[in-house]
Structures are given as structure tokens and as C-alpha cells.
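Take a look at the structure below.
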Amino acid sequence: MTERIGLAIFGLGRAGTIHFRNLVHNHRVVIRYIVEADVEKAKQVVTMYHLDTKVMHSDEMEKVVKDPSISAVVVCTPTFEHEKIVRAALENNKAVFCEKPVSQSDSGIKNLYEFADKVKQPLFCSFNRRFDPSFKSLKERCKEKREIGDVHMVKTCSRDSPLPSTDYLRISGGMFHDCAVHDIDMVCWILGEFPVEVFVMAQSHLPDIRDLGDVDTVLISMRFPSKALACIDLSRHAVYGYDQRVEVFGNKGMLVSENQRPTELTAYSKDGTVQDSLKFSFPQRYAEGYVSAMEHFLDVVEGKAKMSVTSTDAYNVSAIATACETSHKTGKPVQLSLN
């Protein structure tokens, strides 16, 4: 029997709770530690699941990463804490699964991946939408099977539900690095290339977000070396549910990934047609993607797979998000030259 992978989970917030619940039922791992600022909350979770997992305060990070029974860490803390945890884990020869981004700065991302290469440990930045079954099929049929020929246009739409809390938005890293990066990565992954030019228009309609100096509604245009164009439509708040759509148009046809609902049942009556509302938020819409991304990481740790999200991907997506931020602030297109 293969020995189970010893894990430490850092952070039990939105993403951390999703990963914890998935990993509790994963026969490949044993959760040895939860590292969380709210110790009482973490202890209640451990008790609820009848686990032997140790709960440690965030200040005790060094003790955890030095434990030889730990092979890998899962980093789901607030963004500003990612870099120090990732570095500490790599320094102690642990594999790292990190919610995006691995660092708040482009230089930090570059340095962490160089260090990961040096210590020969995987550093996986989880762009989990790549692992969604619908999007995976779209990518395969678009680029590998070339069902729609040469791609002319990619459109994505990502509108949040519910509106994130002000406390979260304050530490999120902003609309471009917190939200837009998912769609930027999706477009680049589908096309297999990075843009040479971006242009952004954005607005703040919500007073709380405006007071933070951030925006809540964004339109990103991108031009690629292949002459393909892309359009990203973002909003922090859609009152009707979690709106997630992708359309890829080519000279031989079009592929579309539509919104998902809890069921596909449609009711017809004299009063009209009724369907379920859209899935409420990201834990419901991307439930399968979260599981598949973690399974991929565990395959990498066990030497069964090569990491699908590369250092180049993580660095370039962050650099593109920064360029989008610059375009928004200056009102001008930004040229890019990315490897």
C-alpha cells in the first residue's frame, strides 16, 4: 500500500474550507496540521470531523514546515501571507500547492519559482478553472482537435455572486489580481499564447468598492501574436447568480461553455418556462475543478504527472494583470513582450 502524503493546510477561509472538506475524504493524504489565525474555529472543525489533526496558530508556521512527517503544504491564507509561507515550505523541502497568486509581486513570483527549481520541489499555483470538465473539453476541442479551425475571438464573462465582503475586498489584491487573473489565465491557456497588447476600461458602481480605490466592473481587450482577439467581461456582483461563460469563435465554427444550474430541469406551463437559478457561487460552480486540481497536484508530488501550470504561466498571468491595472490607470493600451 502506498504511504499517504502528510499535509498541512494553511488557512481555513473560503478556499481553505473547500480544500479541507475535499482532502478529509481523500485516501491519498493525511491532514496532519491546520494552521489558522482563528485557532478556536479550526479546533471546532477538527472536532466535527473526528480528526487527529493538530491545530496550530499562524505564528507557529516554522514548527509545522520543519515537521518531517509533512511532505506538502496547501496555502489558502490571505494573499499577502502567501510568499512567506511558500518560501518557508520550500526551504524545508516541502511541495507547495498555493491558491493564486504565490506572491503579490511579479518579482516575488519569479524568485519563488527559481527557488523551487533550486530545491527541486513542485510549486503549484492553482488556476482551478483549467480543471473544470467543461473548460477542459473546450480547450481540447479548440486547440488539440481544431474543431473550429483558426481562432479569431475568445470571450469570457465572470460575474461574482454574492458580492464579496468589504473585509475580503480590502485584502484581496484588487480586481485585476484577485478576479481578472482567472479569466486572463483561461484565455491564454485556451489560445496557448500570451497577449502582445491589452486595453482596459473599468468603473466603480458600488460605493464600498470605490472607497477602497478599486473597481467593480471591467472590460479587458487583448490582442495576441496569432492575430486572435479576446474580450473579458468582469463584475463583482451579479444579483442573478454566479455568471461564468466562455465563447471561442473560429473560421470553422464556435464553441460555447454556458452557465450551469443545480439541475437542468425546465418546467413548461401556461405561465411560461421556468429553470433553476444559476449556481450560487464559486464553490458550487467549480466544485469538480477544485477536486481535480488537487488530484493533479498529488500526482505531481508522487511523480505521476508533470505540473500543468508552469512558472511561466504564473508569472505571465500576473504580469498581464499588472499591465491591465496600468492600462486602467492611464487610459492607454499597454504593449507586452512575454516569453
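The values are calculated or read from the model by the stated rules, or taken from the named source; none is laboratory data. Keep in mind that what you see is a predicted model, and the values were worked out from it rather than measured. Methodologically, a virtual Cβ is constructed for each residue, glycine included, from the backbone with ideal geometry; neighbour enumeration extends over all protein chains shown. Heavy atoms of the whole protein, side chains included, go into the accessibility calculation; ligands, DNA and RNA do not. Shrake-Rupley method; radii C 1.70, N 1.55, O 1.52, S 1.80 Å.
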Residues of segment 212-229 satisfying the condition of being within 19 Å of LYS155 (Cβ to Cβ) and either crowded, with 21+ Cβ neighbours inside 10 Å or of a type in the set (S, T, N, Q) (or both): THR217, VAL218, ILE220, SER221, MET222, SER226, ALA228
Residue under evaluation LYS43, criteria (1) of a type in the set (Lys, Arg); (2) more than 24 Å from GLU288 (Cα to Cα); (3) at pLDDT below 95, criterion not met: (3)
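Pull up segment 37-55, narrow it to residues that are among the hydrophobic types (A, V, I, L, M, F, W, C) and in a loop (DSSP other than H, G, I, E, B), then point me to the one that is nearest to ILE171 (Cα to Cα). First the steps, then the outcome.
The initial filter retains those residues of segment 37-55 that are among the hydrophobic types (A, V, I, L, M, F, W, C), namely 37, 39, 42, 45-46, 48, 51, 55.
Cutting the leftovers down to in a loop (DSSP other than H, G, I, E, B) gives us 37, 51.
Values: ALA37: 15, LEU51: 31 Å.
Applying the filter and picking the extreme gives ALA37.
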When segment 175-211 is checked residue by residue, the ones that are surrounded by fewer than 17 Cβ atoms within 10 Å (Cβ to Cβ) and in contact with a helix residue (DSSP H, G or I) (Cβ under 8 Å, 6 or more places away or on another chain) are GLY192, MET201, ASP208
Within segment 230-248, how many residues are part of a strand (DSSP E or B) and surrounded by fewer than 17 Cβ atoms within 10 Å (Cβ to Cβ)? 4
Residues that are under 30 Å from GLY250 (Cα atoms), out of contact with any Lys or Arg (no Cβ under 6 Å at 6 or more places or on another chain) and at pLDDT 95 or above: which helices (runs of 4 or more DSSP H) entirely in segment 56-143 hold 1 or more of them? 133-139
Write out, first by first residue and then by second, each pair whose Cβ atoms fall under 8 Å of each other, whose residues are 6+ apart or on separate chains, and whose first residue, in segment 38-49, is more than 15 Å from GLU60 (Cβ to Cβ) while the second is among the hydrophobic types (A, V, I, L, M, F, W, C). LYS41/LEU12; VAL45/LEU12; VAL45/PHE20; VAL45/ILE34; VAL46/ILE34; VAL46/VAL55; TYR49/VAL24
Looking only at segment 115-122, decide whether some residue is within 25 Å of VAL75 (Cβ to Cβ), loosely packed, with under 13 Cβ neighbours inside 10 Å and either touching a strand residue (DSSP E or B) at 6+ places or on another chain (Cβ under 7 Å) or of a type in the set (Lys, Arg) (or both). yes
VAL256 open to solvent by less than 80 Å² (accessible area, probe 1.4 Å), outside any loop (DSSP other than H, G, I, E, B) and at pLDDT 95 or above: yes
If you check every pair at least six apart or on different chains, which have Cβ atoms under 9 Å apart with a residue in segment 300-322 that is open to solvent by less than 20 Å² (accessible area, probe 1.4 Å) first and a residue that is among the polar types (S, T, N, Q) and at pLDDT 95 or above second? VAL309/SER126; SER318/SER103
As an exercise: evaluate LYS279 against (1) assigned to a helix (DSSP H, G or I); (2) touching a helix residue (DSSP H, G or I) at 6+ places or on another chain (Cβ under 6 Å) and give the number of the one condition it does not meet. (1)
Could you grab the pairs with beta carbons closer than 6 Å, sequence gap of 6+ or different chains, first residue in segment 59-70 and over 16 Å from VAL96 (Cβ atoms), second one not hydrophobic (A, V, I, L, M, F, W, C)? SER69/GLY6; SER69/ARG32
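In segment 80-113, which residues are farther than 19 Å from MET307 by Cα and open to solvent by 20 Å² or more (accessible area, probe 1.4 Å)?
Looking only at segment 80-113, we keep the residues that are farther than 19 Å from MET307 by Cα, and these are 80-85, 88, 91-92, 104-108.
Answer for segment 80-113, where residues must be farther than 19 Å from MET307 by Cα and open to solvent by 20 Å² or more (accessible area, probe 1.4 Å): PHE80, GLU81, GLU83, LYS84, GLU91, ASN92, GLN104, SER105, ASP106, SER107.
What do you reckon, is LEU163 surrounded by fewer than 18 Cβ atoms within 10 Å (Cβ to Cβ) and among the aliphatic types (A, V, I, L, M)?
Criteria met by LEU163.
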